[in-house]
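J.: Questions regarding the structure given below will be posed in turn.
Computed from the coordinates by the stated procedures, all read-outs in this text should not be read as laboratory data. Remember, predicted model here, so these are calculated numbers, not experimental data. As a convention, Cβ positions derive from the backbone with ideal geometry for all residues, glycine included, and neighbour counts pool all protein chains shown.
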RNA sequence: UCCCCAUUAGCUCAGUCGGUAGAGCAGGUGACUGUUAAUCACCUUGUCCGUGGUUCGAGUCCGCGAAGGGGAGCCA
């Protein structure tokens with residue numbers, strides 16, 4: 001039985017068997033205490049071993065990290081600290097962890113733990129983190145399932161860099177030492193796919209195609225960017241959630257984003273209580289209060305033009321100057337959501353020059369139907385738009401931005417027969433986790449982070 | 001990619017004015033105890049990131065390099 005279940009619903013006097021890894025051994029002459037953890041919850045179960053047990057001499061020498069199976073009787077604990085403990089009748093040692101086990105019974109730095117990413121899931125912080133991550137992944141699928149959204153697996157290998165969203169990782173089977181060439185250029189027609197391919201930077205374009213068949217869809221999958229970004233917020237491989245709705249405009253898009261974000265805040269507070277308390281006390285003491293506030297609030301909406309007015313009126317000095325037409329920096333976003341709105345804020349209708357080609361042109365001719373959801377402490381967390389469904393305007397915009405129609409003929413086809421208004425947004429899964437746990441480095445919210453120069457494990 | 005900070009024991013760090021390195025934890029031994037990252041006593045552990053230089057002498061000062069962290073840009 002899992003330790004979480006026993007601690008929650010175990011009954012005193014009954015027999016239970018658990019398996020897990022040793023967190024701590026405290027040995028005395030007549031009795032030894034083992035804290036055993038199996039990953040099912042933050043805390044472990046206290047195992048009490050009497051010195052009369054034949055394996056007692058081995059047990060008191062067990063190192064942190066050893067793997068055990070224990071069978072015994074659940075009894076009410078006479079000491080404070082835990083309600084129940086397991087009085088061991090038998091202890092089976094799978095493997096005693098030697099003293100060179102890198103995790104000690106003390107606090108380690110995140111930097112150090114990254115160098116032992118294969119072992120860090122056995123720590124309190126990463127145990128809590130990956131339980132929350134798993135819960136959120138399932139909650140996301142649930143949210144969309146409850147609303148009849150189709151889950152679509154868009155391709156990971158792609159031939160198009162859809163929005164120029166970043167450098168593509170190349171996928172090839174060509175001999176790198178001596179690739180076939182034509183006129184000096186690498187001849188990708190000889191490659192596996194008979195063309196140049198890479199790893200996807202977004203599933204959105206394919207998602208749109210499915211929205212135009214199933215009405216409401218979402219993707220939730222890995223995404224890759226070969227940018228040389230060395231920051232706490234960027235990874236070369238990350239997971240992204242991208243819903244897309246047919247017959248929806250920007251307002252409907254923002255409404256979905258709000259419902260979605262508040263749903264996840266609520267669920268994680270309601271159902272990851274123990275782990276969230278841990279983050280609240282160890283990472284960020286304002287965490288639960290902040291998330292609760294978001295879960296209960298109605299998000300405000302502000303036009304980009306109004307945002308610029310507000311920023312220019314601000315008494316705070318900004319590093320980056322503000323004028324109509326510039327993209328908002330993190331400092332601007334935080335000012336708007338923290339000082340002006342004091343809560344989550346949608347900024348909508350951005351200048352077309354700073355946004356992607358597929359965003360729908362507004363009637364004013366200079367803005368597009370884009371929206372960013374800004375939240376306190378972070379800034380932008382969701383970005384979305386209504387898509388340009390009018391074929392002529394879309395092609396015109398692509399021409400202006402120098403995007404070739406050739407590789408996107410299938411995307412343009414979606415605007416030829418039965419095109420309709422549609423909208424969607426993207427949410428970086430790791431950034432969501434960072435927001436909800438207070439963890440400050442993206443490398444610490446993904447099991448085995450891939451960043452420039454790092455693909456270990 | 002740019003700017004800044006740091007790299008010393010297994011881990012977290014201190015190291016004064018340039019004079020051959022120290023603490024806590026971990027580990028070992030023992031004691032003690034229904035313990036709670038147990039406690040107490042004693043003990044072990046070093047390519048001071050690498051490299052070149054200045055100097056009688058470099059963990060300490062200077063150059064180069066490497067890897068790390070933070071911030072920025074780009075973004076999710």
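J.: Distance from the Cα centre of the stretch A:3-67 to that of the stretch A:252-282, in angstrom?
T.: Their Cα centres are 33 Å away from one another.
J.: Next question. Sort A:364, A:275 so the one with the fewest other Cβ atoms within 10 Å of its own Cβ comes first.
T.: Fewest to most other Cβ atoms nearby, the residues stand as A:364, A:275.
J.: Same structure, new question: May I ask you to compute the full-extension gain from residue A:363 to residue A:33, defined as 0.36 nm times their residue separation minus their alpha-carbon distance, rounded to one decimal in nm?
T.: In short, 111.6 nm is gained.
J.: Please give the length that would be gained between residue A:306 and residue A:271 if that part of the chain were fully extended, namely 0.36 nm times their separation in residues minus their C-alpha to C-alpha distance (nm, one decimal).
T.: Gain in length upon complete extension: 8.8 nm.
J.: Round to the nearest 0.05 the FRET efficiency obtained for residue A:231 and residue A:177 when R0 = 41 Å and r is the Cβ-Cβ distance.
T.: Here the calculated transfer efficiency is 0.80.
J.: Looking at the square roots a ≥ b ≥ c of the eigenvalues of the Cα gyration tensor of the stretch A:238-355, which shape do they give, rounded for a/c under 1.5, prolate if a/b is larger than b/c, or oblate?
T.: Cα axes put the stretch A:238-355 in the oblate bin.
J.: Ok, one more. Please arrange A:175, A:100, A:444, A:342 by counting, for each residue, the other beta carbons lying within 10 Å of its beta carbon, fewest first.
T.: A:100, A:175, A:342, A:444
J.: Turning to a different aspect of this structure: Over the stretch A:1-56, what relative contact order in percent results from Cα pairs under 8 Å that are six or more residues apart?
T.: Over the stretch A:1-56, the number comes to 30 percent.
J.: Residues in the stretch A:214-242, backbone N under 18 Å from the label point at residue A:110 (7 Å along the Cα-to-beta-carbon vector): list them, ranges by number please.
T.: A:229-239
J.: Taking Cα atoms, how many degrees apart are the long axis of helix A:273-282 and the longest axis of chain A, rounded to 10 and kept between 0 and 90?
T.: Between the helix axis and the principal axis of chain A, the angle is about 90 degrees.
J.: So how far, in whole Å, is the C-alpha centre of the stretch A:181-209 from the one of the stretch A:70-129?
T.: What the calculation gives is 47 Å, centre to centre.
J.: Once you put a point 7 Å from the Cα of residue A:94 and another 7 Å from the Cα of residue A:75, both along the Cβ direction, what distance in nm separates them?
T.: 2.7
J.: Next question. If you line up the long axis of helix A:304-313 against the longest principal axis of chain A, both from Cα atoms, how many degrees apart are they, to the nearest 10?
T.: The answer is roughly 70 degrees.
J.: While we're here: Would you calculate the separation in nanometres between label points at residue A:52 and residue A:189, each defined as 7 Å from the Cα along the Cα-to-beta-carbon direction?
T.: Rounded to a tenth, the inter-label distance reads 8.6 nm.
J.: For the stretch A:293-349, what is the relative contact order in percent, using Cα pairs closer than 8 Å and at least 6 residues apart in sequence?
T.: Rounded, it is 58 percent for the stretch A:293-349.
J.: Follow-up question, since we're still on this one. Tell me, what is the FRET efficiency for residue A:284 and residue A:324 to the nearest 0.05, using R0 = 30 angstrom and their Cβ-Cβ distance as r?
T.: With R0 = 30 Å, the Cβ-Cβ based efficiency is 0.30.
J.: May I pose another question? When the C-alpha atoms of the stretch A:72-230 are aligned to their principal axes, what extent does each axis show, in angstrom, from largest down?
T.: 80, 47, 30
J.: If you project the alpha carbons of chain A onto the principal axes, what extent comes out on each, in Å, largest first?
T.: Principal axes ranked by extent give 84, 59, 44 Å for the Cα atoms.
J.: Mind giving me the nanometre distance, one decimal, between the label points for residue A:396 and residue A:378, set 7 Å out from Cα along Cα→Cβ?
T.: According to this spin-label approximation, the distance is 3.7 nm.
J.: Something else about it: What is the calculated FRET efficiency for residue A:354 to residue A:457, with r their C-beta to C-beta distance and R₀ = 45 Å, to the nearest 0.05?
T.: 0.75
J.: When the helix-only estimate is applied to chain A (DSSP H runs of n ≥ 4, each -39,500 (n - 2.57), divided by the residue count), what is the mean residue ellipticity at 222 nm, nearest 500 deg cm²/dmol?
T.: One gets -8500 deg cm²/dmol as the mean residue ellipticity at 222 nm.
J.: A further question on this structure: Taking the Cα centroid of the stretch A:303-348 and of the stretch A:137-154, what is the distance between the two, rounded to the nearest whole Å?
T.: Each part reduced to its Cα centre gives a spacing of 33 Å.
J.: Let me know the shape class of the stretch A:299-457, please: from the alpha-carbon gyration tensor, a ≥ b ≥ c as square roots of the eigenvalues, rounded when a/c is under 1.5, otherwise prolate if a/b is greater than b/c, or oblate.
T.: In terms of gyration-tensor shape, oblate.
J.: Still on this structure, I have one more. Sort A:64, A:200 by Cβ crowding within 10 Å, fewest neighbours at the top.
T.: A:64, A:200
J.: How would you order A:44-57, A:280-293 from highest to lowest mean count of nearby Cβ atoms within 10 Å?
T.: The packing order, highest mean first, is A:44-57, A:280-293.
J.: With axes computed from alpha carbons, what is the tilt in degrees of helix A:287-296 against the longest principal axis of chain A, rounded to the nearest 10 within 0 to 90?
T.: Once rounded, the angle reads 50 degrees.
J.: Turning to a different aspect of this structure: Over the stretch A:61-150, what is the mean sequence separation of C-alpha contacts under 8 Å (at least six apart), divided by residue count, expressed as relative contact order in percent?
T.: 23
J.: Suppose the chain between residue A:296 and residue A:405 were pulled fully straight at 0.36 nm per residue; how much longer would it get relative to their current alpha carbon spacing?
T.: Taking residue A:296 through residue A:405 to full extension adds about 34.8 nm, to one decimal.
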